[in-house]
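Asks: Quick one: structure below, then a few questions.
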Amino acid sequence: MRLAETTAKKNDGPERFVWGAATSAFQIEGATAADGRGRSIWDDFCARPGRILDGGDGAIACDHYRRYRKDIRLLKELGVTGYRFSISWPRIIPDGVGNVNPAGVDFYNRLLDELIANGIEPFPTLYHWDLPTGCRGGWLEPVTAEAFAAYAKVCFDAFGDRVKHWITLNESWCSAVLGYGLGVFAPGMTDPEMPYRAGHHLLLAHGLAVREFRNGGYAGEIGIANNCDWREPLTDTAADRDAAERALQFFYGWFTDPLFTGEYPETMRRRLGGRLPEFSSSEKVLLTGSADFLGLNHYTTMYASDSPPPGGGDTTASGNGGMIDDQQVWLSPPDGCAKTDMGWAVVPWGLRNMLRWIAERYGNPPIYVTENGCSDPITGISDPLEDAARSSFIRAYTREALAAKTDSHVDLRGYFYWSLLDNFEWTSGYQRHFGLIRCTPDDLRRRPKKSFDEYRKIIEEYRVNQKEGKNK
Ligand code: PNW
């Protein structure tokens with residue numbers, strides 16, 4: 001079903017495809033107690049015994065807060081033209097609401113200046129999960145949405161002269177489902193109703209921030225980074241095709257449909273009834289048309305079925321967030337493909353299908369792949385710098401992304417590899433490595449891996465083809 005006609009201007013004029021890399025504040029900055037930063041729910045979560053695989057936390061991470069110049073030199077060497085990072089709300093407003101911390105603002109001023117001096121366009125995300133502890137009740141409370149909009153305005157005022165692409169929220173699905181449903185992410189709640197309530201306030205937070213942005217007359221565009229894995233029907237039956245579609249609506253549609261129509265996907269409303277909050281008529285107006293572009297964070301693909309496959313299927317976080325009762329979709333991993341140590345199957349064609357689904361459903365809006373990447377293979381590697389599997393992953397996934405653009409006319413504007421550096425991988429601590437560059441809290445040296453070179457080559461080849469008119 002098509003929900004919207006094209007709303008945005010086409011990417012006419014000389015083509016600019018953004019090649020980038022992505023990170024987030026809590027995962028790389030460290031310096032959690034420096035210069036007046038407040039506490040976040042992830043500082044609290046890490047302090048709870050048994051929550052993080054290796055007992056790690058964000059205290060040192062990659063020490064990017066002090067080494068950001070070096071990291072920008074590496075971005076430059078990589079040849080990217082865009083860098084997606086996140087701004088730490090507790091650095092800017094330590095208590096979540098109220099006083100602004102000038103030292104926090106200064107850090108991002110220095111970061112932005114350095115990026116721009118190196119010809120790299122900043123793509124800041126305003127919220128990548130590090131909610132200030134001071135926002136009591138977290139995303140269960142509507143006031144948190146208002147606090148977010150006030151924080152967003154501080155950022156627009158401080159950085160809007162240099163930022164032309166803003167991203168409001170990162171992966172609200174993860175915040176809602178993993179944070180409030182499964183409890184594996186901060187704030188660690190486990191409740192079948194809470195994800196929908198938290199998700200509702202996250203959407204309102206997005207809407208209120210976008211209203212601040214548009215009313216403030218700042219230049220540039222604003223969008224959101226929603227995550228979704230592809231769901232392929234297990235068989236060609238109508239029931240399995242419906243199941244796959246339903247799963248996509250519960251995943252990407254949950255946080256994207258409201259930005260186009262002011263409503264949740266119809267299948268969610270039908271299945272959840274009163275458990276899914278309603279938007280008031282003014283909230284519908286607030287949300288409708290509130291994304292200038294869509295971000296997609298994409299990692300893997302699973303088969304979807306209307307009935308349990310032999311063996312039971314997957315109901316875990318990497319699947320449908322354990323919300324099997326709500327969706328009645330059973331997931332199973334594709335056979336015979338490589339898997340990473342996150343347990344995620346490597347299925348490059350899933351990215352192309354995913355992009356086509358988004359383009360079709362939302363009327364071909366501008367899309368950025370705001371995250372795509374892999375941790376090391378499940379079989380392990382002997383030398384952390386010899387990451388051949390990551391090189392093939394990037395080759396294959398970028399090929400599919402570009403095919404979606406050239407063959408299927410998806411309005412794809414850019415691709416950001418996750419992640420620039422090995423970093424604090426949330427519940428997995430420092431035990432999962434997505435980086436193009438090796439870095440650990442014990443050895444803060446930056447050591448580019450083989451995949452760093454491979455990605456550099458991919459970008460360079462694209463540029464050469466572009467000059468020769470070979471990219472369609
Ligand atoms: C994303 N899942 O997280 C985040 O945006 C990054 O901060 C993170 O490092 C990266 O992907 C790799 O994990 C996810 O369980 C975490 O489905 C969990 C899931 C998906 C994305």
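The values are calculated or read from the model by the stated rules, or taken from the named source; none is laboratory data. What you see is a predicted model; the values in this text were computed from it and never measured. Methodologically, a virtual Cβ is constructed for each residue, glycine included, from the backbone with ideal geometry; neighbour enumeration extends over all protein chains shown.
Asks: State all residues of region 89-130 that are polar (S, T, N, Q) and surrounded by fewer than 22 Cβ atoms within 10 Å (Cβ to Cβ); if no residue qualifies, say none.
Replies: ASN99, ASN101, ASN109, ASN118
Asks: Could you list all residues from region 164-180 that are more than 16 Å from the ligand (Cβ to nearest atom), surrounded by fewer than 24 Cβ atoms within 10 Å (Cβ to Cβ) and free of Cβ contacts under 8 Å to residues at least 60 places away in the same chain?
Replies: LYS164
Asks: Quick test of your reading of the structure: VAL184 fulfils all but one of (1) within 16 Å of the ligand (Cβ to nearest atom); (2) more than 24 Å from ASN372 (Cα to Cα); (3) of a type outside the set (S, T, N, Q). Name the failing condition by number.
Replies: (2) is the only condition that VAL184 fails.
Asks: Continuing with the same structure: Can you give me the number of residues within region 397-439 that are touching a Leu at 6+ places or on another chain (Cβ under 9 Å), more than 11 Å from the ligand (Cβ to nearest atom) and either farther than 23 Å from GLY295 by Cα or in a loop (DSSP other than H, G, I, E, B) (or both)?
Replies: Number of matching residues: 10.
Asks: Touching a Pro at 6+ places or on another chain (Cβ under 9 Å) and among the hydroxyl-bearing types (Ser, Thr, Tyr), is that true of TYR415?
Replies: no
Asks: Right, next: Here is a check on your reading of the model: is ARG231 more than 23 Å from ILE93 (Cβ to Cβ), basic (Lys, Arg), modelled with pLDDT of 95 or more and within 16 Å of the ligand (Cβ to nearest atom)?
Replies: yes
Asks: Can you find even one residue in region 442-453 that is basic (Lys, Arg), surrounded by fewer than 19 Cβ atoms within 10 Å (Cβ to Cβ) and closer than 30 Å to TYR362 by Cα?
Replies: No, region 442-453 contains no residue that is basic (Lys, Arg), surrounded by fewer than 19 Cβ atoms within 10 Å (Cβ to Cβ) and closer than 30 Å to TYR362 by Cα.
Asks: Can ASP453 be described as assigned to a helix (DSSP H, G or I), farther than 29 Å from ALA359 by Cα and out of contact with any Leu (no Cβ under 7 Å at 6 or more places or on another chain)?
Replies: yes
Asks: Anything in region 208-254 that is under 14 Å from LEU286 (Cα atoms), touching a residue at least 12 places away in the same chain (Cβ under 8 Å) and surrounded by fewer than 23 Cβ atoms within 10 Å (Cβ to Cβ)? List them, or say none.
Replies: Residues satisfying the conditions are ARG211, GLU212.
Asks: Charged (D, E, K, R) and part of a helix (DSSP H, G or I) - does that describe any residue in region 197-211?
Replies: Looking through region 197-211, at least one residue is charged (D, E, K, R) and part of a helix (DSSP H, G or I).
Asks: While we're here: Residues ILE87, ILE93, ILE60, ILE72: which one is out of contact with any Asp or Glu (no Cβ under 8 Å at 6 or more places or on another chain), more than 16 Å from the ligand (Cβ to nearest atom), under 20 Å from ILE167 (Cβ atoms) and in contact (Cβ under 8 Å) with a residue 40 or more places away in the chain?
Replies: Criteria check complete, one pass: ILE93.
Asks: Mind listing whichever residues of region 353-396 are more than 16 Å from the ligand (Cβ to nearest atom), more than 24 Å from PHE255 (Cβ to Cβ) and either touching a strand residue (DSSP E or B) at 6+ places or on another chain (Cβ under 8 Å) or free of Cβ contacts under 8 Å to residues at least 60 places away in the same chain (or both)?
Replies: THR379, GLY380, ILE381, SER382, ASP383, PRO384, LEU385, SER392, ALA396
Asks: Given the criterion closer than 25 Å to ILE72 by Cβ and modelled with pLDDT of 95 or more, identify the matching residue among ARG413, ARG395, ARG399.
Replies: ARG413
For every residue, the table says whether it meets (1) within 21 Å of ARG73 (Cβ to Cβ); (2) touching a helix residue (DSSP H, G or I) at 6+ places or on another chain (Cβ under 9 Å).
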position: TRP426; (1), (2): no, yes
position: GLY429; (1), (2): no, yes
position: PHE434; (1), (2): yes, yes
position: THR440; (1), (2): yes, no
position: PRO448; (1), (2): yes, yes
position: ASP453; (1), (2): yes, yes
position: TYR462; (1), (2): no, yes
position: ASN471; (1), (2): no, yes
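Asks: Quick one: would you say GLY429 is crowded, with 17+ Cβ neighbours inside 10 Å, in contact with a Gly (Cβ under 8 Å, 6 or more places away or on another chain) and either over 23 Å from GLY343 (Cα atoms) or not charged (D, E, K, R) (or both)?
Replies: yes
Asks: For region 226-246, give me each residue that is among the basic types (Lys, Arg) and within 17 Å of HIS298 (Cβ to Cβ).
Replies: ARG231
Asks: Oh, and also: Name the residue that is surrounded by the most Cβ atoms within 10 Å (Cβ to Cβ), counting only residues in region 259-301 that are small (Gly, Ala, Ser) and assigned to a loop (DSSP other than H, G, I, E, B).
Replies: ALA291
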